[in-house]
Amino acid sequence: MTLKLHNVSKQFGGFTAVDQLSLEIPEKQIFGFLGANGAGKTTTFRMILGLIEESGGEITWNNGMIGYGQSHLIGYLPEERGLYPKMKVVDQLVYLARLRGMNRSDALRELEFWLEKFKVPDYKKRKVEDLSKGNQQKIQFISAVLHKPKLLILDEPFSGLDPVNVEMLKEAVVELKNAGTSIVFSSHRMEHVEELCENLCILHHGKPVLHGGLKEIKRSFGKKNVRVSADFDLDYLKEIPGVTKFKRYGDSCELQVENEKVSQVIFKEITGKGFVRTFDLEEPSLNDIFIEKVGASYE
C-alpha cells in the first residue's frame, strides 16, 4: 500500500503552508519526514488523514483515494497530545479502538498486550492525569496502534521520554514495521531518523529540499567529517584549504571537509607531529546535512 502525494498544495488565505509537494512513501518501511517548525509537516499529515482538504494536487494510497473514510486502517500520534485526563486508561483506549471498528474483547486483548510490553500493566485502571508525561506518551502511542493500522503516522513520538523509554518505543516501531506496517515518522532528533529510516524527505517552507534514500543523500552531499585526537595543538588544521568547519573539544577536534582528498592532506599534516590517538573519516551526519539545507540547528 504505497502512499503517494502528487503536486499537493495547501493555502490558508494568502499563506502557502505546503507548495507542490510530490512524494512516494514505500510500504512496509519507516519514512522520515523532517523540517524546521512551520515547514508544513503537520499540515501534510492532516491532509493525508483527511482532517483538512488539500488546495491542489492529489493524495492516493494503494492507488485509491485516502481520507477520513480509511481511518480504521490508519494510526496517528499527533505532536500535540490529546488524551482525556479524567478518563481511566482502559476506558479511553477501548473507546478509541471501538471508534476504529474494533470490538471490545479484541481491544481489551490488544490493550493487555501493549501495557505488558511497555511495562505498565498496573496503569490500566488509572486516570490519565495521574500518570507522568512519559507514561501518558506511552498510552497515547498505544492509542495509535491498538487497532493494528496498516499506515502509522508518528509526529515527534519520542518527545518528553527518557532514554530507556525512547529505546522501548523505538523497538516497538521497528517491530510494527517488520510486521508489515508502513510508518511515516517525524522528528527533530536526527540521530533517531538515521537509526530508523531508509528513506526521507526534508521539507522547507512547504517544499522538499531533499528526498530519497538516506545512503544516497549522504553520498551525494560530498562533504565528510574528520575527527582527530592528539597530544599536540590541532588549531592549525582549520587553515588547511578545503576545511569548511572546525570544532575543538579539549585535545580533540572535529572538521568538516569538502571531500576525501582534503582528509588525506590533514592526515599528512599530523603525521610526525606527535602522538595521534584517533583519526576517523566519517560520512556527514544527517544533522550536518539538515543544517546546511535548512539553516537551523537542532542539537
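Which value, in debye to the nearest 20, gives the size of the charge dipole of the chain about its Cα centre, when Lys and Arg are +1 and Asp and Glu are -1 at the Cβ? Mind showing how you got there, number by number?
On the way: 41 positive and 42 negative charges, 177 e Å.
So the dipole magnitude of the chain works out to roughly 840 debye.
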Once normalised by the length of the stretch 146-257, the mean sequence separation of its alpha carbon contacts under 8 Å that are 6 or more apart gives a contact order in percent of 17 percent
Considering only Val174, Gly213, Val164, whose Cα is most displaced toward the positive end of the charge dipole of the stretch 161-235, charges sitting on Cβ of Lys, Arg (+1) and Asp, Glu (-1)? Gly213
Percent antiparallel among DSSP beta bridges confined to the chain, nearest 5, equals 70 percent
Glu269 to Ser220: FRET efficiency via 1/(1 + (r/R0)^6), r the Cβ-Cβ distance, R0 30 Å, to the nearest 0.05? 0.60
Please calculate how many Å² of accessible area the chain carries per residue, with a 1.4 Å probe and no DNA, RNA or ligand atoms counted. 49 Å²
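With an 8 Å cut-off on Cα pairs and a minimum separation of 6 or more residues, tell me the relative contact order of the chain in percent.
That works out to 20 percent.
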Lys/Arg Cβ at +1, Asp/Glu Cβ at -1, dipole of the chain taken about the Cα centre: which of Leu286, Leu154, Phe15 is farthest positive-ward? Leu154
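Over the stretch 37-98, what percent of the accessible surface lies on carbon and sulfur atoms, probe 1.4 Å?
Working: 1500 of 3140 Å².
That share works out to 48 percent.
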Leading residue at positive end of dipole, the chain (Cβ point charges), from Pro241, Ser143, Val276: Ser143
Could you sort 3-11, 122-130 so that the peptide with the highest average Cβ count within 10 Å comes first and the rest follow in order? 3-11, 122-130
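Expressed as a whole percentage, what fraction of the accessible surface of the stretch 179-220 belongs to carbon and sulfur atoms when a 1.4 Å probe is rolled over the protein heavy atoms? Please list the in-between numbers first.
Details: 870 of 1840 Å².
Percent of accessible area from carbon and sulfur atoms in the stretch 179-220: 47.
What is the dipole size for the stretch 1-134, taken about its Cα centre, with +1 at each Lys and Arg Cβ and -1 at each Asp and Glu Cβ, in debye to the nearest 20? Before the final figure, lay out each step's value.
Numbers: 19 positive and 16 negative charges, 128 e Å.
Around 620 debye, computed over the stretch 1-134.
Using a 1.4 angstrom probe on heavy atoms only, work out the carbon and sulfur share of the accessible area of the stretch 235-297 in %.
Result for the stretch 235-297: 51 percent of the exposed heavy-atom area is carbon or sulfur.
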Evaluated at 37 °C and 0.692 mPa s, the Stokes-Einstein D of the stretch 27-135 based on the Kirkwood radius over Cα pairs, in µm²/s, stands at 200 µm²/s
Span from the the stretch 21-88 Cα centroid across to the the stretch 176-216 one, whole angstrom: 14 Å
Calculate how steeply helix 133-145 sits against the longest principal axis of the alpha-carbon atoms of the chain, using the helix alpha-carbon long axis, and give the answer as 0 to 90 degrees to the nearest 10. 70 degrees
Packing rank of 264-270, 140-146, where each peptide gets the mean count of other beta carbons within 10 Å, highest leading: 140-146, 264-270
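The values are calculated or read from the model by the stated rules, or taken from the named source; none is laboratory data. What you see is a predicted model, and the numbers here were worked out from it, not measured in a lab. Glycine also receives a Cβ, built like all others from the backbone with ideal geometry; neighbour counts cover every protein chain displayed. Protein only, heavy atoms only, side chains kept; ligands, DNA and RNA dropped before computing areas. Shrake-Rupley method; radii C 1.70, N 1.55, O 1.52, S 1.80 Å.
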